[in-house]
Amino acid sequence: MAFAAALAGAPAMAHAGAWTLESGAGQVILQGSAAHSDREFGPSSTLYDSRPYDKVEVTLVFEYGATDWLTLIVAPQFLAVDLGAPGPASYAGPGYTDAGARVRLLAAGDAVVSAQVVGRFPGTGSSQSAAAVGYEDAELDLRLLAGCAFTLFGKAAFLDLQAAQRLRFGDPPDEFHFDATLGVRVAERWQVLLQSFNVVSEGAGEGPYFGVSYEYYKAQLAAAYDWSAALTVQLAVVGTWFARNAPQENGVVLSAQYRF
């Protein structure tokens with residue numbers, strides 16, 4: 001159940017935060033992550049040894065500014081999951097494909113508030129592998145985003161906050177998501193980002209895999225380098241620091257962002 005909860009609540013695609021793109025501008029983000037777990041937080045949040053698994057996700061995000069206040073989003077994903085004993089299982093193939101839009105609601109100085117609607121369509125098809133659990137049902141992500149730019153200790157910085165209602169169809173329960181990113185430009189081409197990704201299920205779901213409620217909290221530390229005016233590359237480490245009925249997962253994230 002803990003494994004199913006983790007896959008069901010896997011972080012959504014990479015994105016540009018609360019800011020919309022200018023009309024006619026776009027960006028492509030290629031993000032890959034690799035994670036491992038062999039321990040889980042139980043009902044009282046105590047850590048136990050658990051069924052090991054390895055997970056790789058590769059997401060290609062396309063964003064385009066239809067207008068200054070409307071950004072269109074499409075993001076297909078490749079997924080690979082390997083489960084250890086008992087009963088080894090694996091899946092490799094399409095994960096979710098996300099499609100939606102971000103709308104700027106308010107802009108005042110260096111602050112912005114936006115709303116985002118993204119439909120998530122599963123690509124696992126009729127896979128019967130336990131490794132595909134959590135990627136088999138459609139989802140709808142309704143998100144409110146707020147961002148602001150400011151100066152921190154003489155360095156350019158920004159803060160991005162996001163709250164989301166994740167509606168999930170099928171056996172998994174709905175979820176509440178809260179994400180936060182603090183970015184600081186520590187040098188001309190270098191930026192450090194401290195991120196928090198938090199998921200709380202809204203009760204338990206149905207079926208054999210989702211019979212318990214769950215929650216988990218992840219922290220991510222990243223360094224981003226501006227290779228050129230158009231290209232930024234990023235390396236991050238991420239880990240689950242606290243959870244209930246969910247795995248203790250650790251991993252690395254690599255991404256490249258090209259703006260045009």
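The values are calculated or read from the model by the stated rules, or taken from the named source; none is laboratory data. Here the structure is a predicted model, which means the values were calculated and not measured. No Cβ is skipped: glycine too gets one built from the backbone with ideal geometry, and neighbour counts run over all protein chains shown. These area figures cover heavy atoms from the full protein model, side chains too; ligands, DNA and RNA do not enter into them. Shrake-Rupley method; radii C 1.70, N 1.55, O 1.52, S 1.80 Å.
What the table shows:
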| item | result |
| --- | --- |
| Residue that is open to solvent by 50 Å² or more (accessible area, probe 1.4 Å), closer than 29 Å to LYS155 by Cα, in contact (Cβ under 8 Å) with a residue 12 or more places away in the chain and touching an Asp or Glu at 6+ places or on another chain (Cβ under 8 Å), where the choices are ARG244, ARG189 | ARG189 |
| Residue in region 207-227 that is surrounded by fewer than 16 Cβ atoms within 10 Å (Cβ to Cβ), within 19 Å of the chain's Cα centre (by Cα) and free of Cβ contacts under 8 Å to residues at least 24 places away in the same chain present | no |
| Scope region 103-131; condition closer than 30 Å to TYR53 by Cβ, touching a strand residue (DSSP E or B) at 6+ places or on another chain (Cβ under 6 Å) and open to solvent by less than 20 Å² (accessible area, probe 1.4 Å); matching residues | GLN116, VAL118, GLY119, ARG120, ALA131 |
| Any chance ASP68 is under 20 Å from GLY251 (Cα atoms), open to solvent by 50 Å² or more (accessible area, probe 1.4 Å) and acidic (Asp, Glu) | no |
| Residue among GLY134, GLY100 that is over 30 Å from THR151 (Cα atoms), open to solvent by less than 30 Å² (accessible area, probe 1.4 Å) and modelled with pLDDT under 95 | GLY134 |
| Checking LEU194 against (1) surrounded by 15 or more Cβ atoms within 10 Å (Cβ to Cβ); (2) under 17 Å from the mean Cα position of the chain (by Cα), the condition it does not meet | (1) |
| Boolean, VAL233 is surrounded by 18 or more Cβ atoms within 10 Å (Cβ to Cβ) and farther than 22 Å from GLN116 by Cα | no |
| ALA146 within 21 Å of the chain's Cα centre (by Cα), surrounded by 14 or more Cβ atoms within 10 Å (Cβ to Cβ) and farther than 27 Å from TYR217 by Cβ | no |
